[in-house]
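Worksheet: one structure, shown below.
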Amino acid sequence: MLSINPSALTPAKLHEYLLSAIAPRPIAFVSTIDKNGTANLAPFSFFNCFGSNPPTLVFSPARSGRTGATKHTHDNVLEIKECVVNIPHYDMLYQMNLAAHMYEKGVNEFSKSGLTPVASVVVKPPRVGECFVQFECEVKDVIETGQGGGAGNLVVCEVKMIHLNEKVLNEEGSIDPTKMNYIARMGKQFWARVGAENIISVPGFKMANELGVGWDLLPPSITHSKYLSANDVAQVASLHTFPTKEELDELIKAEFVQEIIEAHKNDKEALTKAIHLRAKIEIERGSLPLAFQLLMIADKI
Ligand SMILES: Cc1cc2nc3c(=O)[nH]c(=O)nc-3n(C[C@H](O)[C@H](O)[C@H](O)COP(=O)(O)O)c2cc1C
């Protein structure tokens, strides 16, 4: 493990480590206006949602690492405390990059990028028509983290109006992630594109209020299994009860278990392996209670 005091790094290297490690980052494509009413549009990947009551988004137009100059977006939100946080998608990646070019103050990046300004409902800056999701926001605070090059300016926004394109909604009115065509920033020239083919649904996912038995209470034969991954073991540990004695007695009598026992009756290690691998298949299928029962009987036979 390489351990580094950040003050020992050049600003460029420090910036590179931070942006490559904290990735992929979602992108806020932010529209603002200056006091003359000229629109400005720029992407910011120092961005996330920080609460839903009130609905709070934060992005950071940082000072230039080279010159220490502030971004037009930062200047604008100090003048007119409103913005729209638009969520970009892959088909607009290069137009969004055009909007990131450092045009002079007063240049409207909607025109430069060819994207469509659409009038907002409760704020003055226009929305980006091509974005599937647009959040009209009031700027509640701008927190400077420093004055030097690379310093952040946290723009704390409260969402006042949400616009969702029906194209990305399912029948229940929820956002279908497979339709969002997400893009996200990583370090250097790297980006992530999260299309339907890259989205996983995690069947063993447990809500935090359903307490799992925990890794520490599982027998070492499970936590140290040569045949299970850490993700496999943790899924079993997330079940909230141990199998009962009756369930285990019943399972030992089951035909498929008897067949495994018969096939490996003279070789304990091969038997453990066969049962653990069968449990692994059940974990992959999402049959976690059965997997837990199999792992518990592996010790007993
Ligand atoms: C995808 C992407 C993400 C970016 N994220 C940030 C960011 O989080 N903070 C920042 O200061 N600049 C970021 N930039 C650079 C700004 O978009 C760029 O400096 C832009 O010219 C700022 O525009 P403005 O001066 O009109 O506000 C990003 C650029 C791209 C392409």
Here are the criteria: (1) touching a helix residue (DSSP H, G or I) at 6+ places or on another chain (Cβ under 7 Å); (2) away from the ligand (no atom under 14 Å from the Cβ). Tell me which single one G150 does not satisfy. (2)
Would you check which residues across the stretch 211-235 are surrounded by fewer than 14 Cβ atoms within 10 Å (Cβ to Cβ) and without any contact (Cβ under 8 Å) to a residue 60 or more places away in the chain and list them? L211, G214, D216, L217, P220, H224, K226, S229, A230, N231
Somewhere in the stretch 65-75, is a residue hydrophobic (A, V, I, L, M, F, W, C) and either closer than 17 Å to I27 by Cβ or outside any loop (DSSP other than H, G, I, E, B) (or both)? no
Looking only at the stretch 214-238, which residues are part of a helix (DSSP H, G or I) and not polar (S, T, N, Q)? W215, D216, L217, P220, I222, A230, D232, V233, A234, V236, A237
Given the conditions (1) more than 17 Å from A99 (Cα to Cα); (2) among the aliphatic types (A, V, I, L, M); (3) within 8 Å of the ligand (Cβ to nearest atom), every one holds for L14 apart from (3)
Tell me which residues, restricted to the stretch 167-187, are farther than 18 Å from I27 by Cα and aliphatic (A, V, I, L, M). L169
Answer yes if at least one residue in the stretch 154-170 is farther than 20 Å from C49 by Cβ and in a loop (DSSP other than H, G, I, E, B), and no otherwise. yes
For the subset of the stretch 77-131 comprising residues that are more than 20 Å from M161 (Cα to Cα) and polar (S, T, N, Q), which member is modelled with the lowest pLDDT? N108
Listed by first then second residue, the pairs whose first member lies in the stretch 88-111 and is farther than 15 Å from A184 by Cβ, whose partner is within 8 Å of the ligand (Cβ to nearest atom) and assigned to a loop (DSSP other than H, G, I, E, B), with beta carbons under 7 Å and at least 6 positions apart or on separate chains, are E109/Y103
Being more than 10 Å from the ligand (Cβ to nearest atom) and either buried (at least 17 other Cβ atoms within 10 Å of the Cβ) or of a type in the set (V, I, T) (or both) is the filter here; which residues of the stretch 71-107 pass it? I80, K81, E82, C83, V84, V85, N86, I87, H89, M92, Q95
Suppose we keep only residues that are of a type in the set (S, T, N, Q), in a strand (DSSP E or B) and closer than 19 Å to G114 by Cα within the stretch 25-57. Which one would you say is farthest from the ligand (Cβ to nearest atom)? S31
Residue check for P61: buried (at least 17 other Cβ atoms within 10 Å of the Cβ) and in a loop (DSSP other than H, G, I, E, B): yes
Restricting the stretch 108-136 to residues that are touching a Phe, Trp or Tyr at 6+ places or on another chain (Cβ under 8 Å) and assigned to a helix (DSSP H, G or I), the one farthest from the ligand (Cβ to nearest atom) turns out to be K112
Condition first: within 21 Å of A151 (Cβ to Cβ) and either of a type in the set (S, T, Y) or not assigned by TED's automatic domain parsing to the domain that holds E79 (or both). Now tell me which residues in the stretch 10-54 satisfy that. T10, Y17, S20, T32, S45
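The values are calculated or read from the model by the stated rules, or taken from the named source; none is laboratory data. Because the structure is a prediction, the values reported are computed rather than measured. Neighbour counts run over all protein chains shown; Cβ positions are idealised from the backbone, glycine included.
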